[in-house]
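> Before anything else, here's the structure in question.
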Amino acid sequence: MNTPPLVLVHGLFDTPRIFDGLKRRLAGGRWPLLIPHLPHGLGWVPLEELAQLLGQHIEAAFGPDQPVDVLGFSMGGVIARTWVQLEGGHRRTRRLTTVASPHRGTLAAVPWPRGWLPGLADMKPGSGLLRRLDQDVDALRPVECCSFYCPTDLTVFPGWEAVLPFGPRHPLPVFWHNRLMAEPGSLDPVAEELLRP
């Protein structure tokens, strides 16, 4: 069976280069690969706007109907989930994998006012966006979901809540959020999931 294209979605303060190590682990085993740059303005751009931009990148690369698999790291996982649930991405997404993504918010976002940094404020526990995503998960049900989380994460905190509502949930043996896309302890299991038939 041919696997669909894989889309990798970076997080806040990241660029597509955050996935260089993961690309090496995949060793060409997933192709085609799309890693769009989503300019987040250091948290100024609302996540729903970034989800719309993600959809535009996917359609430009693969047309309107080609199924895709999507992986989001950190804030990128919430962007990907927003695209799947609120922007119609569920109609073409086979699998959604997230790594250390604040699906239930992160306490690190609490101090930031929405008027200044709406993208950061979208990641507060109980934000309007996260409530919308949790209140209607029907669009997520047909998608194969998988969550990886870092129990000691201090960026997405508490780390054990960085999980999707459905699918398996795997802790990663890496202490720091900013090492999750660099350490073999996290790259190996994530690559194994992405290479699964």
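Values in this text are rule-based calculations from the coordinates and carry no lab data. If you're wondering where the values come from, they're calculated on a predicted model, not measured in any experiment. In this analysis, Cβ positions are derived from the backbone assuming ideal geometry, glycine residues included, and neighbour counts consider all displayed protein chains.
> Along the stretch 140-152, what does the Karplus equation 6.51 cos²θ - 1.76 cosθ + 1.60 (θ = phi - 60°) give for ³J(HN,Hα), rounded to whole Hz, x for Gly and Pro?
Per residue, the Karplus-derived 3J(HN,Hα) values read 8, 4, x, 8, 6, 10, 8, 10, 10, 9, 10, x, 9 Hz.
> ARG131 to ASN178: extension gain in nm, 0.36 nm per residue of separation minus the Cα-Cα distance? Mind dumping the intermediate values first?
On the way: separation 47, 0.36 × 47 = 16.92 nm, distance 2.65 nm.
Using 0.36 nm per residue and subtracting the Cα-Cα distance, I get 14.3 nm.
> From the phi angles alone, apply the Karplus equation (6.51, -1.76, 1.60; θ = phi - 60°) to the stretch 30-37 and give each ³J(HN,Hα) in whole Hz, x where the residue is Gly or Pro.
These are the phi-based 3J(HN,Hα) values: 10, 8, x, 10, 10, 10, x, 8 Hz.
> Determine the relative contact order of the stretch 76-142: mean sequence separation of Cα pairs under 8 Å and six or more apart, normalised by residue count, in whole percent. Show your work: numbers first, answer last.
On the way: 66 pairs, mean separation 22.0, N = 67.
So the answer I get is 33 percent.
> Counting each pair of different Cα atoms once, what's the Kirkwood radius of the stretch 21-81 in Å, rounded to one decimal?
On the way: mean 1/r = 0.0785 Å⁻¹.
Answer for the stretch 21-81: a Kirkwood hydrodynamic radius of 12.7 Å.
> What are the ³J(HN,Hα) couplings of the stretch 190-197, residue after residue, when phi is run through the Karplus curve with 6.51, -1.76, 1.60 and θ = phi - 60°? Round to Hz, x for glycine and proline.
5, 5, 4, 5, 5, 8, 5, x
> A follow-up question, please. Across 5 Å bins from 0, what is the distribution of all Cα-Cα pair distances for the stretch 59-197, in whole percents?
All Cα pairs, binned at 5 Å, distribute as 2, 11, 20, 23, 19, 15, 9, 2, 0 percent.
> Moving on. Report the local net charge at PRO5: Lys and Arg +1, Asp and Glu -1, summed over other residues whose C-beta lies under 9 Å from its C-beta.
Values: positive: ARG30; negative: ASP69.
Residues near PRO5 contribute 0 overall.
> With just the Cα atoms of the stretch 1-109, tell me how far they stretch along each of the three principal axes, in Å, largest first.
Taking max minus min along each principal axis of the Cα atoms, the stretch 1-109 gives 42, 30, 22 Å.
> Run the helix sum for the chain: -39,500 (n - 2.57) per DSSP H stretch of 4+ residues, divided by residue count, reported at 222 nm to the nearest 500 deg cm²/dmol.
Working: 6 runs with 58 residues, N = 197.
Computed ellipticity for the chain at 222 nm equals -8500 deg cm²/dmol.
> Ok, one more. Taking H as built 1.01 Å from N, whose amide H comes closer than 5 Å to the amide H of CYS145, not counting residues under 5 places away?
LEU96
> Provide the FRET efficiency to the nearest 0.05 for the ALA61-ARG24 pair, computing r from the beta carbons and using R0 = 25 Å. Can you show the working numbers first?
Working: r = 22 Å, r/R0 = 0.86.
The calculated FRET efficiency here is 0.70.
> Still on this structure, please answer the following. Out of residues 5 or more away from ARG104 or on other chains, whose amide H comes under 5 Å of its own, with H placed 1.01 Å from N in the peptide plane?
For ARG104, whose amide H was placed from the backbone, the distant partners under 5 Å are VAL163.
> List every residue whose amide H lies under 5 Å from the amide H of VAL110, counting only residues 5 or more places away in sequence or on a different chain, with H placed 1.01 Å from N in the peptide plane.
The list, which skips near neighbours in sequence, is empty: none.
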